[in-house]
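Trainee: Pasting a structure below so you can have a look.
The values are calculated or read from the model by the stated rules, or taken from the named source; none is laboratory data. No experiment lies behind these values; they were computed from the predicted model shown. Cβ coordinates were reconstructed from backbone atoms using ideal geometry, including for glycine residues, and neighbour counts include every protein chain displayed. Heads up: the accessible areas ignore ligands, DNA and RNA and are worked out on the full protein's heavy atoms, side chains in. Shrake-Rupley method; radii C 1.70, N 1.55, O 1.52, S 1.80 Å.
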Amino acid sequence: MSQPVKTQPVTLGIDIGTSGVKAVALDAGGAVVASTTRTYPLLTPQPGWTEQRPQDWASATLDALKELAGTLKADGRTPLALGLSGQMHGAVFLDADGEVIRPAPLWNDQRTGAAVDEIEAKIPREELIARTGNRAVTGFQLPKVLWLRQAEPENFARLHKVLLPKDYLGYVLTGNFFTEPSDASGIGALNLTNKTWDTEVLNALSLNVDLFPEVVDSWAVVGQILPEMAAQTGLPVDLKIVAGGGDNAAAGIGLGLGAHRPGVGSVSLGTSGVLFAPLDTPTPDPQGRVHLFAHADGGYNLLGVTLACAGALQWFHDALAPETDFADLLAEAGTVPDGAEGVTFLPYLAGERSPLMNPDLRGSWSGLSLAHRRPHLVRALLEGTVCALSDTYRVMQPLSSLTTLLSTGGGARSDLWLGMVSGALELPVQHIEHAPGAAEGAALLAMPAAGLFPDLKAVMDTLRPGGEAVAAQPMGQALKQHEQALAALPDLNA
């Protein structure tokens, strides 16, 4: 009699990004054994509006999972659980039949200014920050619900549930409505102390708490894959679906960042620049200049965001130096000293989030002379993005315990850029050769449910990546010039 073939267990993770979905499979040692991506369109029906069709997320995800399932079966690997992650703050509006009512406004959608004003008129900003960790923000989900009520009352009348992007995928896969704290805290109505919906906030806005799904732990099983989804993808019929985390929280899990290591945070030099600092208690900035979210490990995290980081360098390349490789631009910048010989760049090409919270700010170079050349512009651009991160860190520093930063994002391939971060923030910054993203973090969140680890802390302690510290770059002159440029802005001195 032949012996049954032993298969190797894996967990899956999906990340619903703005440009596409990534699906990965990790073995019990945390190694990526298979991955694939699919893209979908971004809709911009009006200036300042960004939307996507949730149905596009679903079809792309199911197609990616089908490919992944085929690869794993051929390699003798068996998926045991699947974790969810994705872009935060989006609003998927569903009717009583679970059908999508309209395209979903996204995290960077700016249509909700009047709704933000309505929230702050009914709930004082200080009280909202104390309850939810954040002031009202145009990109958050809660203002989108109020916008729907005001702008499309016929659609609001049909509204049965509003879901975040990854939680919509959870509904597609399981038929169940759930969310978890890390993503839910970016809605604007989650009480961070007890991690449940704040009924006083919702009552003040005349919203029914039943519009929102039940909140469970990020590592909790929210259901088993529906038979029709298993048949469509080729995944096992007993596959467990795990709640997962918002994209920044899931990426933090991948880096091993959590309340049990409060000294270790992260800096992401992506399209935007992001500082992530874990906390064990919900400690907001009283002015709401940085975000406070629940973290997927059961703790909390501060999140500071400068909107144009590597995106600023991408803009420079595309607009002014399309014939030059990024590596050459960065090498040019390395030939220029701290302060770019008097040139200062303010990186507010798309307004600014932390800590200025001003969508109307715009970018600029100042201090230019006939002696300056392209390397000065690039050096000043890099310094400007790092100075913006330094502004954010000054707000976060008294609230956190950071002693080290791990690096992620495309800009983190530059030791020069990371060294500037280290010099400006006066913190060691470690270069991570293969930094895990949100999809990998989602797969790690699924490992306890798969029985591969006893709990999430064991996963994070065992599988967290290591890195090497980069050399800090002097930033004293750049920081001084940045302060002077900020002081000259009329918007900040009104």
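Trainee: With respect to Ala488, determine if the residue is under 24 Å from Arg353 (Cβ atoms) and open to solvent by 60 Å² or more (accessible area, probe 1.4 Å).
Mentor: Against the criterion (under 24 Å from Arg353 (Cβ atoms) and open to solvent by 60 Å² or more (accessible area, probe 1.4 Å)), Ala488 qualifies.
Trainee: Name the residues in the range 40-82 that are among the polar types (S, T, N, Q), closer than 27 Å to Thr112 by Cα and open to solvent by 10 Å² or more (accessible area, probe 1.4 Å), would you?
Mentor: Thr44, Gln46, Thr50, Gln55
Trainee: Based on this model, can you work out whether Phe293 counts as among the aromatic types (Phe, Trp, Tyr) and within 18 Å of Val386 (Cα to Cα)?
Mentor: In short, no.
Trainee: Gly258: open to solvent by less than 10 Å² (accessible area, probe 1.4 Å), part of a loop (DSSP other than H, G, I, E, B), touching a residue at least 24 places away in the same chain (Cβ under 8 Å) and under 22 Å from Phe140 (Cα atoms), yes or no?
Mentor: no
Trainee: Go through the range 178-202 and report how many residues are open to solvent by 20 Å² or more (accessible area, probe 1.4 Å), out of contact with any helix residue (DSSP H, G or I) (no Cβ under 6 Å at 6 or more places or on another chain) and either among the basic types (Lys, Arg) or not in a strand (DSSP E or B) (or both).
Mentor: Counting residues in the range 178-202 that are open to solvent by 20 Å² or more (accessible area, probe 1.4 Å), out of contact with any helix residue (DSSP H, G or I) (no Cβ under 6 Å at 6 or more places or on another chain) and either among the basic types (Lys, Arg) or not in a strand (DSSP E or B) (or both) gives 3.
Trainee: Got a sec? Which of Pro474, Pro454, Pro436 is in a loop (DSSP other than H, G, I, E, B) and at pLDDT below 95?
Mentor: Exactly one residue qualifies, and that residue is Pro436.
Trainee: Somewhere in the range 236-251, is a residue in a loop (DSSP other than H, G, I, E, B), over 22 Å from Leu456 (Cβ atoms) and modelled with pLDDT of 95 or more?
Mentor: Scanning the range 236-251 turns up at least one residue that is in a loop (DSSP other than H, G, I, E, B), over 22 Å from Leu456 (Cβ atoms) and modelled with pLDDT of 95 or more.
Trainee: When the residues of the range 324-341 are narrowed to those that are in a helix (DSSP H, G or I) and under 18 Å from Gly423 (Cα atoms), which ends up nearest to the chain's Cα centre (by Cα)?
Mentor: Leu330
Trainee: Do any residues in the range 208-221 that are assigned to a loop (DSSP other than H, G, I, E, B) have Cβ atoms under 9 Å from those of residues that are surrounded by fewer than 17 Cβ atoms within 10 Å (Cβ to Cβ) and among the acidic types (Asp, Glu), where the two are at least six apart or on different chains, and which pairs are they?
Mentor: Every condition considered, the pairs that remain are Trp219/Asp455.
Trainee: Follow-up question, since we're still on this one. When only residues in the range 338-353 that are at pLDDT 95 or above and among the small types (Gly, Ala, Ser) count, which is surrounded by the fewest Cβ atoms within 10 Å (Cβ to Cβ)?
Mentor: Of everything passing the filter in the range 338-353, Gly342 is surrounded by the fewest Cβ atoms within 10 Å (Cβ to Cβ).
Trainee: So, of the residues in the range 125-144 that are open to solvent by 10 Å² or more (accessible area, probe 1.4 Å) and in a loop (DSSP other than H, G, I, E, B), which turns out to be nearest to Pro282 (Cα to Cα)?
Mentor: Arg135
Trainee: Oh, and also: May I ask you to list the residues in the range 278-288 that are surrounded by fewer than 20 Cβ atoms within 10 Å (Cβ to Cβ) and either acidic (Asp, Glu) or out of contact with any Leu (no Cβ under 6 Å at 6 or more places or on another chain) (or both)?
Mentor: Those that are surrounded by fewer than 20 Cβ atoms within 10 Å (Cβ to Cβ) and either acidic (Asp, Glu) or out of contact with any Leu (no Cβ under 6 Å at 6 or more places or on another chain) (or both): Asp280, Thr281, Pro286, Gln287.
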